[in-house]
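We did not get these values from a lab; they are worked out from the coordinates using the rules stated. The model shown is predicted, which means the values in this text are computed figures rather than measured ones. Please note: Cβ atoms are built from the backbone with ideal geometry, for glycine as well, and neighbour counts cover all protein chains shown.
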Amino acid sequence: MLTRVLQPSIDPFSRPREVRSFWLGFVLALAGLLLALFGSGRITNVETVTGDLAKETQANMAFAHGGVKFVVAEASPETQPEFAVPPPPNTDGVPPVSLLPPMSGRSRLCIDLTARDPCPT
Amino acid sequence: MALPRTMNGNSPSGNSSKNSAKLQRLTQIRPWVQTALLGVWLAPVGRWLHGFPSCVFHCYACPLSAFACPVGLAANYAAVFPVWTAVPWLLIGVLLLVGGAVGSLVCGWACPFGFLQDLLARIQRRKWMLPNWLGNVRFLVLIGLVILLPWMLGRRGILYEDQAVSICRLCPAGALEAGLWYSVSSLMSGAGWIMSSYKVVILAAFFGAAIVIHRPWCRIFCPLGGLLALFNRVSLFHLRFHPENCIKCNLCRSRCSMGVKVDERVNTSGCVRCLECTTCGAIRPVVALPRGKSSQAT
């Protein structure tokens, strides 16, 4: 439904034509292209649960599938506090996962590349 | 279709009327382009492309989503930044590339959530006008909900998906594409409804608002649209005003459903570049070229 807005008293010839320079848009788009190419192959400093470093695309994938987790770090028996719950048996080489916050000093934030949570939130 | 004619009888020149007809055709094909691009965002190719962010607003938890949601990715990176300090170069690159090349053209022509709102706006109801300053809320959402809040809660060791308040928990696209889908599936399998009641309220409010306000999400809340619209003043693709073709009919502003004061400026941050304002021929889509030349985009 078109509702006509009355023409304000603006002289068309006094309006800016909005002519612009090519270079700023070009430099931004080129920088974006280069960053996207660089980012798509980049290996980040983000660790996976298996101890490798993840690619940026793998990190993105993990975010979309609920793959960010706190993983309990391996601790020697001497340093293991008495009240600590023993970790469950390791079945397939993947360290046990818990929801311990990072301030406990025994967990680290990792991404699980095998996570397939359909709706993380 | 009759050419626009002013009260004082001015009419566009022959050249202008040809352009006008061409531009009118351009706006007529927009729904078809939007429909065709649904095939890209909802491609049934599984989720192996989720490592790559898209340039449109579309929930990555949707079972049919091909790419990752750039807003969700940005919030996730903000939440883990205190631990990893990982900069999402790929995401920044995609947004810079799209912004520098076309600005918010993707909002008007490619975004599936914008398309849904366009369809809802076709329901014949009197539309409410919104003040233009409400568009600034998009930047508050971008800085507050997408960057600062996840970062602050991330510093306290709360994972993004465990954060009680986040853009994903308030997002109507997520409620529609993921929450509703999984709730219906869960209900049909006998496990019961899983979407929270406040998300149902958000979804209902969104649908109600989209019928009485044209593109309410894009105009008031969309952080991605706000970010891309910042590029409208510098992007290669842009709109140019040709005063020699203006017949003072003000059809440009009358056709703008986003409430942009097109009769004053066109490349503003409120514009989604649907190109409806180009129908009369005085405003034309162009691509900036070196040495000040420009090629008409049509």
Spin-label point model (7 Å from Cα, Cβ direction): what's the B:Met129 to A:Val19 distance in nm? 3.3 nm
How well do other chains shield peptide B:82-88, expressed as the mean number of their Cβ atoms within 10 Å of each residue Cβ? 6
With everything on Cα atoms, drop me the angle between helix B:70-84 and the longest principal axis of chain B, reported from 0 to 90° to the nearest 10. 50 degrees
Please list, ordered by chain and number, the residues whose modelled amide H lies under 5 Å from the amide H of A:Ser107; skip anything fewer than 5 residues away on the same chain. A:Ala73
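Using packing as a proxy for protection, rank B:150-163, B:224-237 so that the peptide with the highest average count of other Cβ atoms within 10 Å comes first.
Details: B:150-163: 18.1, B:224-237: 24.1.
Highest to lowest by the protection proxy: B:224-237, B:150-163.
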Any residue on another chain or 5+ positions along whose placed amide H is under 5 Å from the amide H of B:Arg240 is listed here as B:Arg284, B:Val286
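What FRET efficiency would be calculated for the residue pair B:Val201, B:Trp151, taking the C-beta separation as r and a Förster radius of 25 Å, to the nearest 0.05?
Numbers: r = 27 Å, r/R0 = 1.09.
Between B:Val201 and B:Trp151 the formula returns 0.40.
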Listed with the fewest Cβ neighbours within 10 Å leading, B:Arg253, A:Arg15, B:Arg284 appear as A:Arg15, B:Arg253, B:Arg284
Once all Cα-Cα distances of region B:204-295 are split into 5 Å bins that start at 0, what whole-number percent is in each one? 3, 13, 21, 21, 19, 12, 7, 3, 1, 0, 0
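Considering every residue in B:54-66, what mean count of other chain Cβ atoms within 10 Å of its Cβ is obtained? Please report the intermediate quantities before stating the final value.
On the way: counts 0, 0, 0, 0, 0, 3, 7, 8, 2, 2, 0, 1, 0.
Across B:54-66, the average partner-chain Cβ count within 10 Å equals 2.
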For region B:123-130, 3J(HN,Hα) per residue [Karplus equation, 6.51 cos²θ - 1.76 cosθ + 1.60, θ = phi - 60°, Hz, x = Gly/Pro]: 5, 6, 9, 5, 8, 7, 8, 10
What Kirkwood radius, in Å to one decimal, follows from the Cα pairs of region B:19-296? 19.9 Å
Which of B:Arg126, B:Arg169, B:Arg215 fluctuates most in a GNM of chain B (C-alpha springs under 10 Å)? That residue is B:Arg126
Shielding by partners for B:243-251, please: the mean number of other protein chain Cβ atoms within 10 Å of each residue's Cβ. 4
Tell me, how many Å apart are the Cα centres for region B:46-122 and for region B:133-162? 16 Å
What is the set of long-range amide H partners of A:Val46 at a cut-off below 5 Å, with H atoms built 1.01 Å from backbone N? A:Ala54
Taking chain B as a Gaussian network, where each spring joins two C-alpha atoms under 10 Å apart, which residue of B:Met188, B:Met258, B:Met129 fluctuates the most? B:Met188
GNM flexibility winner over chain B from B:Cys249, B:Cys59, B:Cys171 (Cα, springs under 10 Å): B:Cys249
What are the ³J(HN,Hα) couplings of region B:160-174, residue after residue, when phi is run through the Karplus curve with 6.51, -1.76, 1.60 and θ = phi - 60°? Round to Hz, x for glycine and proline. 4, 6, 9, 6, 5, 10, 7, 4, 5, 6, 10, 7, x, 5, x
